[in-house]
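Inspection log for the structure reproduced underneath, given as structure tokens.
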Amino acid sequence: MTAELHKAGGGKPGLTAAQPDYTELRVKHLEMIQSVIARMSANSGTIKRHAVVITAAVVSLGKLAGSAMLLAVAIVVILVFALLDARYLRLERCYRNLFNAVRSEPPDTRPDFRLTPGHDGTRLIKVLNSWSVAGLYGALMVFILFGMTFISK
């Protein structure tokens, strides 16, 4: 009798025939969410690389042209990259919260395969102040300001 219950429960101890086991489906759902998180992280890295390369190019071009105003334009570009990066980071955090919510569901709950994250209430300005955003883009701003100082002399 216990072998039949064990077999009916999908081979998972503690589950009966009345309690279906959706572990495999939940794992697939978690893999889908994790792939979205990985794409967000990769996009954030790409944005950071582009910001560094463009900043270095603008500083070099500004030095060659002797124009500090060109560097002022770079500040706007850095701000746009910072906002975009903060947006990706906030979305990534929302998807991590979704991942944790799906992960903690009981094994007998059928996954709904939702991929729309809920908003965690974090404001964009708070994400802009995180170390991964403020650290890099703040350093790029300082680099631009030093460049403006040296070019204007």
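Just so you know, all these numbers are worked out from the coordinates, no wet-lab data involved. Please read these numbers as outputs of a predicted model, since none were measured by experiment. Heads up, the Cβs are rebuilt from the backbone with ideal geometry, glycines too, and the neighbour counts pull from every protein chain shown.
Structure above, values below:
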quantity	calculated
Gain upon complete extension [Arg110, Ser41; 0.36 nm per residue less C-alpha separation]	22.0 nm
Lysine pairs meeting the criterion (Cα under 28 Å, 8 or more apart or interchain), as found in the chain	5
Degrees between helix 131-151 axis and first principal axis of the chain (Cα, 0 to 90, nearest 10)	10
Highest-MSF residue in the chain out of Met32, Met69, Met40 [GNM, Cα springs under 10 Å]	Met69
The chain, dipole about Cα centre (Lys/Arg Cβ +1, Asp/Glu Cβ -1), debye to the nearest 20	540
Rounded tilt (10° steps) of 23-65 against the dominant C-alpha axis of the chain	0
Radius 12 Å from Cβ of Pro117, net charge of other residues (Lys, Arg +1; Asp, Glu -1)	+2
Relative intensity, log₁₀ I(q)/I(0), of the range 100-153 from a Debye sum that treats every alpha carbon as a point, q = 0.14, 0.17, 0.19, 0.27 Å⁻¹	-0.64, -0.75, -0.81, -1.02
Options [x] 24.4, 89; [y] 17.2, 56; [z] 23.4, 78 - which one matches Rg and Dmax of the Cα atoms in Å as calculated here	[x]
Within-15-Å neighbourhood charge of Trp131 [Cβ basis; K, R +1; D, E -1]	+2
Principal-axis tilt of helix 68-103 within the chain, Cα atoms, nearest 10 degrees	10
Separation in nanometres of the label points that stand 7 Å from Cα toward Cβ, at His119 and Val53	3.4
